[in-house]
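Trainee: Dropping the structure in here first, questions after.
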Amino acid sequence: MPDASPAFIPHHEIVIVGAGFSGIGTAIALIRAGFDDLLLVDDAAGPGGTWHWNTYPGVAVDIPSFSYQFSFAQRSGWSRSYAPGRELRDYAEQIVDEYGLEPKMRFDTRVHEASFDEATSLWTIATSTGEITARWLIHAGGPLSQPKLPDIEGIDSFTDDTMHTSRWDHEVSTAGKRVGIIGTGATAVQVIPEIAADTAHLTVFQRTPIWCLPKPDFPLGRVGRAGLAAIPGMRQAARLASQAFVEATFPVLAHFHRWIPGTDALEVAARSYIRSQVSDPATRGKLTPAYALGCKRPSFHNSYLSTFNRPNVALETTSIEAITPTGIRTTDGTEHPLDVLILATGFKVTDKDALPTYRLTTADGTDLADHWESERFRSYQGVATAGFPNFFTVFGPYGYNGASFFTLVENSAAHIVRVLDEARRRDAITAEVTTTAQDAYMESILARGPLQVFSNPTCASANSYYFTKNGDVPFRASTTLEAAWHSRRFPLSDYAFSN
């Protein structure tokens, strides 16, 4: 009697890399669908992803709290209409506890490499705490967690305190000190008003100005929170209004700009807002972008622009030549002595080593980062990539349409669950999106490019992380309802399953 073939049993059926809201939401969807053998790994010390790492002064959501939450776990206890970061971290911890995810999480674990074995149809994942195997691998790393340092001469030479906003050192005080902050993106817009009043002097080094608009940020108060908790339908109504606001202010205006040029009207309003907030004409001019609103992620803040009226705040737009042991030297030869240097220089979003943050290879040695580098970003609904079996991304290229991040997570999770359900029904051990399905999806998305605001020629000067080095904008050009529908109704024949 011949020996039975060995059964290749992985350590876990599913491994999810990332324990932020992407990983948390995907894990909950899988558990609800009956997939219980899963593990989430994260290099942080706790859950929350972006909201675990980013604790800088003033950190908060930039869309209404009613949209920035899971549809199945709506919270009535937000302190403000735009919740501060600490409440998002608490929310992540609350969800982990409520759904019993902690035993399925391994923290302080960084993934170094993942490789697929065709013989066993398993992923081998090398981590800082040991090797793991899995049948299915899901990358759930968010785009705003891996800090990007500026490419400036002498970046390591400054002898006093230096920190990136995403790794804020709360033992370092900026009070009474000469502080320099590099960057004027969404993070800097929140930090600058928070620290300006207490500094001896704050110099803001700006490369590209950002469009900034006011936001309807207000405390909800005890009565408001009680109403959300007690009045039937109140949370749902607040969420519906919030979702409509978010949809109107990004997906509709950004992706269908040629049909609905609403960003033009918003730009007029943004210019008026700058005039109302900044008293000095020269400073006002420096803070006014030369590119169209929408080319770059706009920001929303009620006191950022007016901060530049303070006598102890200076806006420096001359290019930085070098960082020195004592401060920053600009190209006009001016030395800016500093006691604290803050890097508000953003994150690795479309960088080669950002998605994913580790080397991932197929059985024939094809590296995902190299594949996307040579072929440009391509995917199927931002979730699967042809040629990479048993691998899914929650935040993949051409998956996010710019609405609530939580909507993306729920859509991607629904897509993944649908594929794995079908694999389970067929007793399949591999699932891979077909090249034909991927090509058809990419053709449909790219065909909408001329409609988008990103096609505006002025976008070339925006220095926007929306754009890859090839000039592509890997957003899902669709409304949120359309994305939700297709995430749950795509033909299962778009995948090849095998036993």
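Trainee: Please go through segment 423-443 and pick out each residue that is part of a helix (DSSP H, G or I) and closer than 16 Å to Y380 by Cβ.
Mentor: Selection gives A423, T435, T436, A437, Q438, D439, A440, Y441, M442, E443.
Trainee: So which pairs qualify, if the first residue must be in segment 395-422 and assigned to a helix (DSSP H, G or I), the second must be charged (D, E, K, R) and surrounded by fewer than 24 Cβ atoms within 10 Å (Cβ to Cβ), the Cβ gap must be under 6 Å, and the two must be at least 6 apart or on different chains?
Mentor: Correct list of pairs: A414/R488.
Trainee: When the residues of segment 313-351 are filtered to those that are hydrophobic (A, V, I, L, M, F, W, C) and in a loop (DSSP other than H, G, I, E, B), which remaining residue is most open to solvent (accessible area, probe 1.4 Å)?
Mentor: The selected residue is V349.
Trainee: Further question: Can you report the number of residues in segment 477-491 which are in contact (Cβ under 8 Å) with a residue 12 or more places away in the chain and surrounded by fewer than 14 Cβ atoms within 10 Å (Cβ to Cβ)?
Mentor: 2
Trainee: Name the single residue that is most open to solvent (accessible area, probe 1.4 Å) among those in segment 257-312 being in a helix (DSSP H, G or I) and hydroxyl-bearing (S, T, Y).
Mentor: Selected residue: S276.
Trainee: Here is a further query. Under 7 Å between Cβ atoms, at least 6 apart or on separate chains: pull out the pairs that start in segment 141-153 with a residue that is more than 18 Å from H112 (Cα to Cα) and end on any residue that is in a loop (DSSP other than H, G, I, E, B) and charged (D, E, K, R).
Mentor: Partner pairs satisfying both residue conditions: K148/K348.
Trainee: Only residues in segment 164-187 that are farther than 17 Å from D198 by Cβ and touching a residue at least 60 places away in the same chain (Cβ under 8 Å) count as the first member; pair them with residues that are open to solvent by 20 Å² or more (accessible area, probe 1.4 Å) and in a strand (DSSP E or B), Cβ under 6 angstrom, at least 6 apart or cross-chain, and list the lot.
Mentor: Every condition considered, the pairs that remain are H164/P147; S166/P147.
Trainee: Answer yes or no as to whether W168 is aromatic (F, W, Y) and open to solvent by 10 Å² or more (accessible area, probe 1.4 Å).
Mentor: So W168 passes the test.
Trainee: Separate question: When segment 35-58 is examined, which residues are found to be under 30 Å from A229 (Cα atoms), open to solvent by 20 Å² or more (accessible area, probe 1.4 Å) and either without any contact (Cβ under 8 Å) to a residue 24 or more places away in the chain or assigned to a loop (DSSP other than H, G, I, E, B) (or both)?
Mentor: Passing the criteria: T55, P57, G58.
Trainee: Further question on the same structure: Which of the numbered conditions does F107 fail, given that it passes all the others? Conditions: (1) in contact with a Gly (Cβ under 7 Å, 6 or more places away or on another chain); (2) modelled with pLDDT under 95.
Mentor: Here F107 meets the rest and fails (2).
Trainee: Ok, one more. A114 - would you say it is among the small types (G, A, S) and open to solvent by 10 Å² or more (accessible area, probe 1.4 Å)?
Mentor: It is false that A114 is among the small types (G, A, S) and open to solvent by 10 Å² or more (accessible area, probe 1.4 Å).
The values are calculated or read from the model by the stated rules, or taken from the named source; none is laboratory data. Since the model is a prediction, treat every value here as computed from it, not as a measurement. Note that each Cβ is placed from the backbone with ideal geometry, even for glycine, and that neighbours are counted across all protein chains shown. Please note that ligands, DNA and RNA were not included when accessible areas were found on the heavy atoms of the full protein model with its side chains. Shrake-Rupley method; radii C 1.70, N 1.55, O 1.52, S 1.80 Å.
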